[in-house]
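A short worksheet on the structure shown next.
The values are calculated or read from the model by the stated rules, or taken from the named source; none is laboratory data. The structure presented is a predicted model; accordingly, all values stated were derived computationally and were not measured. Quick reminder, even Gly has a Cβ in these numbers, built from the backbone with ideal geometry, and neighbours come from all protein chains shown. Quick note on the areas: whole protein, heavy atoms, side chains included, nothing else; ligands and nucleic acids left out. Shrake-Rupley method; radii C 1.70, N 1.55, O 1.52, S 1.80 Å.
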Amino acid sequence: MLDAIETYLALRRTTGFAMSTAEYLLKSFAAFAAERGQTYVETKTAIDWAALIRRATRCTAQSRLSLRTPCSGGGRQARAAAGKSLRRPEEASHAAHLHDRRDQSAGRSCAAASANARLALAHASDLDRAASTGLRISEALKLTIADVTRDGLLIRETKFRKTRLVPLHDTAVAGLQRYLARRGPGPDDDPVFIDKHGWPLRYIAVKETFDRLVDKAGIGSTSARRPRLHDLRHTFAVRALQGSPTGRGRCGAHMAALATYMGHVNIYATYWYLEATPDLLRDVAMAGEAFMSEGRSA
């Protein structure tokens, strides 16, 4: 178990986290489990360990259980038994509608049919950035001309006060450049996305446009719930995970890179997306079974 913890800590530290408190708690749990002669994480052991702090509050027990979750497969049962289920990422409080290529093509076609060409282009380009980069809509709307760099989009101190550089695929760069050419020049502090009056594009306007496009294109008409604007971000994350390379080490590095790219404050927010589709869940189950088989044969 200590080897798995060291690997996890090393991976997290490569993404800039100090992990000093996490190291203490995870190694404390490993020692506690070892005293019981256990090699793998068991729910009852995790709960007993979390309750070690005298008069531990629910918050303390929850934080302890959450820290050891990435190193095990039994986190959900342990947290539920402790009295509080894990809170999903801020964007994923409800089930997401995952868009396919046909959804996105239909949406772009409807946007292009708008009467106001420049405004339609602004909406289409903004939605494209959300779909192709996983940006939060608020992040896309706050972009300024200076934030569009040769190396990608500079996302400045957004949620959780994190700043990151988001590289763009060549096709995304081409689409953004077409929009900027139609938009016209402006000072560095001008917003990238503007309405027909030259004012910053507002969130409510983008949301209303998205809802109209969903209805016009018939997207999600057979779904149990209506697609939301933020589902574009969910779709990006899931598709990125579905394209992950094989192999435990390469998959772990891919997950860490995705968490950084999306601006997640905690990698567990990225782990949630592994539950989003049946094929990802199947891959997780197969990987877990392979890991357990290796342990039993050792």
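Take the Cα of L180, step 7 Å toward its Cβ, do the same at H197, and the gap between the two points is 2.7 nm.
For the stretch 174-223, the alpha carbon convex hull comes to 118 Å³ per residue, rounded to a whole number. Excluding same-chain neighbours fewer than eight residues apart, the aspartates and glutamates reachable from K162 by a Cα-Cα span under 13 Å are E139. Residue separation of E42 and A285 scaled by 0.36 nm, minus their Cα-Cα distance, works out to 85.8 nm of gained length.
Histogrammed with a bin width of 5 Å, the alpha carbon distances of the stretch 152-298 distribute as 2, 7, 11, 15, 17, 16, 13, 8, 5, 3, 2, 1, 1, 0 percent, first bin at zero.
Kindly report the accessible area of the stretch 145-298 per residue (heavy atoms of protein chains, probe 1.4 Å, no ligands, DNA or RNA), in Å².
On the way: 8960 Å² over 154 residues.
Averaged over the residues of the stretch 145-298, the accessible area is 58 Å².
Listed by chain and number, the aspartates and glutamates whose alpha-carbon sits under 18 Å from that of K44, ignoring those within fewer than 8 places in the same chain, are E35. Phi angles across the stretch 276-282 convert, under the Karplus curve 6.51 cos²θ - 1.76 cosθ + 1.60 with θ = phi - 60°, into 3J(HN,Hα) values of 7, 9, x, 5, 5, 4, 4 Hz, Gly and Pro given as x. For T144, the amide hydrogen comes within under 5 Å of the amide hydrogens of V192, counting only partners 5 or more places away or on other chains and with H modelled in the peptide plane. Each residue of the stretch 127-132 was assigned a 3J(HN,Hα) from its phi angle through the Karplus curve 6.51 cos²θ - 1.76 cosθ + 1.60 (θ = phi - 60°); the sequence is 5, 4, 5, 5, 6, 8 Hz, with glycine and proline shown as x. Apply 1/(1 + (r/R0)^6) to the Cβ-Cβ distance of A4 and L165, taking R0 = 30 Å, and write down the FRET efficiency to the nearest 0.05. Given R0 = 30 Å and the Cβ-Cβ separation, E is 0.45.
Per-atom-type breakdown for the stretch 155-263 gives carbon and sulfur 55% of the accessible area (1.4 Å probe, protein chains only).
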